[in-house]
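Let me begin by presenting the structure, written as structure tokens, before commenting on it.
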Amino acid sequence: AGTLYHYGLEFPTPETTPLTVNDLKEARTSYMLSKIYGEAMCLHSELPVTIIRPHNFYGPRMGLSHVIPELMKKVVDSDNGVVDVFSVNHKRTFCYITDAVQMIQLLAESEQAIAESYNVGNDDEEIAMGDLAQKIIDLIGKDVTINSMPTTPGSPERRCPSIRKLKKAISYTKQYPLDKGLQKTFAWYDANVFSGQKVSAI
């Protein structure tokens, strides 16, 4: 977010992009710094490490504070036919957790990945939050409309990783395009959380 705000970014964004943080007083700066320090400590530890930079993983059991299950809950709980959606024009790409785990495992088993950093996610199916909300509404089949809300403070307008380096290191084809992943995710939440069971997803 800091690099995008101060200098702009190439999209999809490669691992070699210089890292910049916002003013230390801003709420998300500590979060950004923790990731930067974590990577630096690992790379200078002289241990055989591979750095994984996850990009918008989603799926069952991820908690309700992330955008996809949060939107699903809003639609399910909507009694007035309206769903509030923030940052409707901000764009993201998403990676279903099964694909993410498979890619991480392949990197962990690869000797050429040692001491390297990799974006793990998807560089296709980029979608605006408003369009994502509509997909979820259509999937659930509830008669609700979107109420566009303000932009979330600190939220970057776009986040789309380049995974060219990843594709050179491992051979893997995405198994869960967005529509399929949303279906799997909603099926789990509907059976285990929205039904009142509340299984490990708070």
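The values are calculated or read from the model by the stated rules, or taken from the named source; none is laboratory data. As the structure is a computational prediction, the values presented were derived from the model and not from experiment. Using ideal geometry, Cβ is built from the backbone for each residue, glycine included, and neighbour counts are taken over all protein chains shown. Accessible surface is based on the protein model in full, side chains and every heavy atom, while ligands, DNA and RNA are left aside. Shrake-Rupley method; radii C 1.70, N 1.55, O 1.52, S 1.80 Å.
Being of a type outside the set (Phe, Trp, Tyr), part of a loop (DSSP other than H, G, I, E, B) and open to solvent by 50 Å² or more (accessible area, probe 1.4 Å): is that true of residue 20 here? Working first, answer last.
Values: of a type outside the set (Phe, Trp, Tyr): yes; part of a loop (DSSP other than H, G, I, E, B): yes; open to solvent by 50 Å² or more (accessible area, probe 1.4 Å): no.
When the stated conditions are applied, residue 20 does not pass them.
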Note to self: Looking only at segment 152-169, filter to residues that are of a type in the set (S, T, N, Q) and surrounded by 13 or more Cβ atoms within 10 Å (Cβ to Cβ); which one of those is nearest to residue 32 (Cα to Cα)?
What the structure shows: 155
Check: Based on what the data block shows, is residue 50 more than 19 Å from residue 155 (Cα to Cα), out of contact with any Gly (no Cβ under 6 Å at 6 or more places or on another chain) and surrounded by fewer than 16 Cβ atoms within 10 Å (Cβ to Cβ)?
Finding: no
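Assess whether residue 133 counts as being small (Gly, Ala, Ser), in a helix (DSSP H, G or I) and over 30 Å from residue 41 (Cβ atoms).
On the way: small (Gly, Ala, Ser): yes; in a helix (DSSP H, G or I): yes; over 30 Å from residue 41 (Cβ atoms): yes.
Answer is yes for this residue.
Okay, residues lined up against (1) over 16 Å from the mean Cα position of the chain (by Cα); (2) of a type outside the set (Ser, Thr, Tyr); (3) part of a strand (DSSP E or B); (4) crowded, with 17+ Cβ neighbours inside 10 Å:
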site: 80; (1), (2), (3), (4): yes, yes, no, no
site: 88; (1), (2), (3), (4): no, yes, no, yes
site: 100; (1), (2), (3), (4): no, yes, no, yes
site: 103; (1), (2), (3), (4): no, yes, no, yes
site: 118; (1), (2), (3), (4): no, no, yes, yes
site: 122; (1), (2), (3), (4): no, yes, no, yes
site: 142; (1), (2), (3), (4): yes, yes, no, no
Notebook entry, point to check: Just checking, how many residues over segment 170-202 are loosely packed, with under 13 Cβ neighbours inside 10 Å, at pLDDT 90 or above and among the polar types (S, T, N, Q)?
Noted result: 4
Margin query: Anything in segment 125-146 that is on the phi > 0 side of the Ramachandran plot and of a type outside the set (Gly, Ala, Ser)? List them, or say none.
Written below: 125
Note to self: Just to be sure before I move on: is residue 16 closer than 18 Å to residue 121 by Cα, over 14 Å from the mean Cα position of the chain (by Cα) and without any contact (Cβ under 8 Å) to a residue 12 or more places away in the chain in the structure I sent?
What the structure shows: yes
